[in-house]
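All remarks here apply to the structure that follows.
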Amino acid sequence: MQVTGTVLTTRRVDAYHALTVVAPGIAERYRPGHFVSVAVGGAHTSMITRRALTVHDVKPDYGGTVELVFTVRGPGTAWLAERRARDTLDLVGPLGRPFPLPRDPVHCVLVGAEYGSAVLFPVADALMERGCRVDFLLGGASADRVFGAMRARRMAETTTLTTEDGSLGLRGKVADALPSVIADTRADAVYACGPMETLRAVTAVAIEFDIPVQVAVEESMACGIGVCMTCVIPVIGDDGATRMVRACAEGPVFRGERVRFEDVGTIPFDALGAPGGGARHAG
Amino acid sequence: MAVDMRTFLAHVELANPITTAAGCAASGRELAQFFDLHRLGALATRSITMAPRAGRPTPRMAETPSGMLNAVGLQGPGIDAFLERELPWLAQRGIRTIVSIGGGTVAEYSELARRLADAPGVTALEVNLSCPNIEDRGRVFAREGSAAAEVIASVRSIMRYDVPVVAKLAPDVADIVAVARACVDAGADALSMINNPLGMAIDTEALRPSLAAVTGGLSGPAVLPIAVRCVWQVHAALPGVPLIGVGGVMTGADAFQLILAGACAVGVGTALFHDPYACLRIERELEDLLQTRGFQRLADAVGLAHRPPGSAPRHLLVDSEESSP
Ligand SMILES: Cc1cc2nc3c(=O)[nH]c(=O)nc-3n(C[C@H](O)[C@H](O)[C@H](O)COP(=O)(O)OP(=O)(O)OC[C@H]3O[C@@H](n4cnc5c(N)ncnc54)[C@H](O)[C@@H]3O)c2cc1C
Ligand SMILES: Cc1cc2nc3c(=O)[nH]c(=O)nc-3n(C[C@H](O)[C@H](O)[C@H](O)COP(=O)(O)O)c2cc1C
Ligand code: FES
C-alpha cells in the first residue's frame, strides 16, 4: 500500500542516517525482512524512481512507525538525509518476501555488513520470541560503519564485530570471522544481509558447515513491486532449473545456496530462456 | 455531469482511455494487489515471445533526468506459459487485455498470432515492432516501413477479424508517418506510439556504461514531448486511425496533451513504477480536466489541438447554467 507518512524523528547513527516515519498501514503489515520504497525529491522532482530501503524497526507509537537506516550514496539518499521532523514522505510497502523463521528454538547467527545490519534486529526479536538463541556478527569498512553494535550486545548471546581497517573488533570481513562464530555458537542457521560479495562469502561458509543460510540481497530496482523486471538475479528453483527472478517480488530474501552469486550480473547459459533459445534476437 | 470517458479502439469499446503500457505491468497480478484491474481501460501485457526469455544481464536500469533507461530484453515466460497461466488468469476475471507480441522474424510474429487467434480473452493484439529483424542484420522492424508492413499484413491475415491489430511504433525513425502509413495500408486497425527511444548513460565513477547492455530504452517524462510530436504528426496524416498515445505520461494533463494531439487512448508505463495507482489517478485527473474545460465526452477532445489557427477557441460551458453541478 501507499502511505504518505510524516517524519517523526531524524538522527545520525555513526556514518548512517535514521528516519522514523509514522506509517500505520505499513507498520501493521510488516514482517522482518520487508522493505519499503520511498519517493525522493519532492513533488516536481526529476528523480522518477523510488528508493528501496529495508525497515530497521517498527514501533506502535502514533498508530505505527517504521525506522529506516541509510547511507548517502547519490542524489536520492542525499535528499532523504535532509528530511526533518514533520516533513512528509511517500512510502510504498511493505514489499518483498520476509525472512522465514524456524519452527524450533534453534541457534541462529545473524550476519550483517554495513547498513545491511539494520534489518537483522527485527529478525532477532522474532527469533528470540520463538526461543531461538541469537548471536550477532556485524562488520563494516571502519568502526563508524558497523551498525547496531551496542544494541546487538544488549540482545544477543554473543556479538562479534569486524572492521576492514581494524578500528573496531577483528580486522577483516564478516565472512572471515564467520567460521569461528558458527563453531563457537554451534549455530544451526545463518541469516545475512549486506553487499552481494559479502553474501556470497557468507553463503560459502554456511555451505561448508552444512547449515541453512537465508540472505537478503540488494539489486538495482526501478519499481520494487515486481512490474519492471529490472532487478533480476539468477536463482536455482526447487526443480533444479536456474531462472532470472525478481529480487523485489520473489526476494529480497532467498536461501543463500540457491543464489548463483558468481553469475550475478550475467545470464548464465543454462538459465531458463537464456540466449540460445528460439527468440534470442528479439527486442 | 460526469464526462463520458468511453473510447473505441477500432470497433472495440473501452470504458476509459487509460491502459497500462506494454512491459510495464508484468502479468497483471502484481498490480492487482493494489487496485481492481477492471478499473483500467485495458491492461497491456509484456511483449510475449515464442520461447521463454531470460532477458539481458543486470544492471538493467539507470535513472536519468526525468526518466530512466531500461534494457530488460523482453524477459518473459514464452507463449506456452503465457497461454497456460497468464492469459487465463486475466480472461477469467474479464479484464480487458491488449496482448503484445514480439519476434525476430515475420514467421515468428505469425506463429504468435496463430497461437493467440483462438485464445479467449484477447481484446486487441499489439505488435511490438521495436524488435531486431534476424533476417535483416538485426535492423529493427519499426525503422523500416516495408518490414513493419510485412509483419502487420501477416498478423492481420491470421488474427480473427473482430480482434483489432495494433502496430506499436518506435520514435527514432526518419519518418514516422511513412512507417505508420505502411502499417495502416498493411491492415493495422490502430497504432500505438511511442516505444522507447534508444539512449545511453555512462557511470562517471566506474567509467563505464551504466547498463550492462550499454544502450537502453528511454522512458518517463523525458520522452513525453517526443510522444506528443509523433501522435500529432501521425494524426495529422491519418486522422481516421485510432491512436494509443504512450510515453512519459505521469498526470492527467500529460494524457490530455496526447488526446488533444490525436490519441483516443493513453498508455501509462514508467509512472507505474513510481505510483502503482498511477492509471487510476491519471484517469481521474483527466476526467476532471475534461470536465472543467466543458467537455461532455472524451471523444470530443481527440485531436482537437489540430483545429486551424484562428478558428474560435472552443467555447467553454463553465459559465453557462447547464454545467452547474
Ligand atoms: C531491498 C533493498 C533494500 C535496501 N535497503 C537499504 C537500506 O536499508 N539502507 C541503505 O542505505 N540502502 C539500502 N538499499 C540501497 C538503496 O536502495 C540505494 O542506496 C539507493 O537506492 C541509492 O539511491 P541514490 O539516489 O542515493 O543513488 P543513485 O545511484 O543516484 O540511484 C539511482 C537509481 O539507482 C537505484 N539504485 C542505485 N543503487 C541501488 C542499490 N544498491 N539498490 C537498489 N537500487 C539502487 C536507485 O533506486 C535509483 O533508481 C537497499 C536496496 C534494496 C534493493
Ligand atoms: C521496463 C520497461 C519494459 C518495457 N517492455 C516493453 C515491452 O515488452 N513491449 C513493448 O512494446 N514496450 C515495452 N516498453 C515500452 C513501454 O511500453 C512504453 O512504450 C515506453 O516506456 C514509453 O512510455 P512510458 O514513458 O510511460 O514508460 C517497456 C518499457 C519499460 C520502461
Ligand atoms: S524492481 Fe521492478 S521488478 Fe523488481
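Brief remarks follow.
- Between the listed residues B:His274, B:Gly103, B:Val214, the Cα displaced farthest toward the positive end of the dipole of the protein assembly as shown, a dipole computed from Cβ unit charges relative to the Cα centre, is found at B:His274.
- Residues listed by number, the range A:75-117, amide nitrogen under 16 Å from B:Arg281 label point at 7 Å toward C-beta: A:88-93
- Phi-based couplings in Hz for the range A:108-115 (Karplus 6.51, -1.76, 1.60; Gly and Pro marked x): 10, 9, 9, 10, x, 10, 6, 5
- Phi-derived couplings, Karplus 6.51 cos²θ - 1.76 cosθ + 1.60 at θ = phi - 60°, listed residue by residue for the range B:24-29: 10, 9, 6, 8, x, 4 Hz, with x used for Gly and Pro.
- Distances between placed amide hydrogens fall under 5 Å for A:Thr162 paired with A:Leu138, A:Gly139, A:Gly140, A:Leu170, all partners being 5 or more residues away or on another chain.
- Size descriptors for the range B:7-306, from the alpha-carbon set: Rg then Dmax equal 17.8, 55 Å.
- Amide H to amide H, with H built 1.01 Å from N, B:Val266 comes under 5 Å of B:Ile18, B:Thr19, B:Gly245, counting only residues 5 or more places away or on other chains.
- Computed with every protein chain present, the accessible area of A:Ile207 is close to 100 Å² [probe 1.4 Å].
- By the Cα gyration tensor, the protein assembly as shown has an equivalent ellipsoid whose semi-axes, rounded to whole angstrom, run 47, 28, 20 from largest to smallest.
- Measuring from each cysteine beta-carbon in the protein assembly as shown, the ones with no other cysteine beta-carbon under 4.7 angstrom are A:Cys108, A:Cys132, A:Cys193, A:Cys231, A:Cys248, B:Cys24, B:Cys131, B:Cys183, B:Cys230, B:Cys264, B:Cys279.
- Ordering of A:254-263, A:72-81, A:88-97 by burial proxy (mean other Cβ atoms within 10 Å per residue, highest first): A:88-97, A:254-263, A:72-81
- Spatial separation of Cα centroids for the range B:86-157 and the range B:11-32, in angstrom: 17 Å
- With contacts taken as Cα pairs under 8 Å at a separation of at least 6 residues, the range B:7-306 carries a relative contact order of 19 percent.
- Over the range A:36-194, equivalent-ellipsoid semi-axes from the Cα gyration tensor in Å: 30, 20, 13
- Relative to one another, the C-alpha centroids of the range A:139-196 and the range A:31-70 are positioned 26 Å apart.
- For chain A, the dipole from Cβ point charges (+1 on Lys and Arg, -1 on Asp and Glu) about the Cα centre works out to 680 debye, to the nearest 20.
- Theoretical ellipticity at 222 nm over chain B - DSSP helices of four or more residues, -39500 (n - 2.57) apiece, nearest 500: -8500 deg cm²/dmol
- In this structure the amide hydrogen of B:Thr97, modeled in the peptide plane, comes within under 5 Å of the amide hydrogens of B:Leu43, B:Thr123, B:Ala124, none closer than 5 places in sequence on its chain.
- Karplus-derived 3J(HN,Hα) values for the range B:195-211, using 6.51 cos²θ - 1.76 cosθ + 1.60 with θ = phi - 60°, are 6, 6, x, 7, x, 7, 9, 10, 6, 7, 8, 7, 6, 9, x, 5, 9 Hz; glycine and proline are entered as x.
- Peptide A:240-249, shielding by other chains (average Cβ, 10 Å cutoff): 2
- Look at the stretch B:103-115: the mean tally of other chain Cβ atoms within 10 Å of its residues' Cβ atoms is 2.
- Using equal-weight Cα scatterers in the Debye expression, the normalised intensity of chain A in log10 at q = 0.16 Å⁻¹ is -1.29.
- Charge-dipole axis of chain A as Lys and Arg at +1 and Asp and Glu at -1 on Cβ define it, positive-most pick from A:Gly169, A:Val253, A:Thr10: A:Thr10
The values are calculated or read from the model by the stated rules, or taken from the named source; none is laboratory data. Not measured: the values here are computed from a predicted model. Methodologically, a virtual Cβ is constructed for each residue, glycine included, from the backbone with ideal geometry; neighbour enumeration extends over all protein chains shown. To get the accessible areas, we keep the full protein, side chains included, count just its heavy atoms, and leave off ligands, DNA and RNA. Shrake-Rupley method; radii C 1.70, N 1.55, O 1.52, S 1.80 Å.
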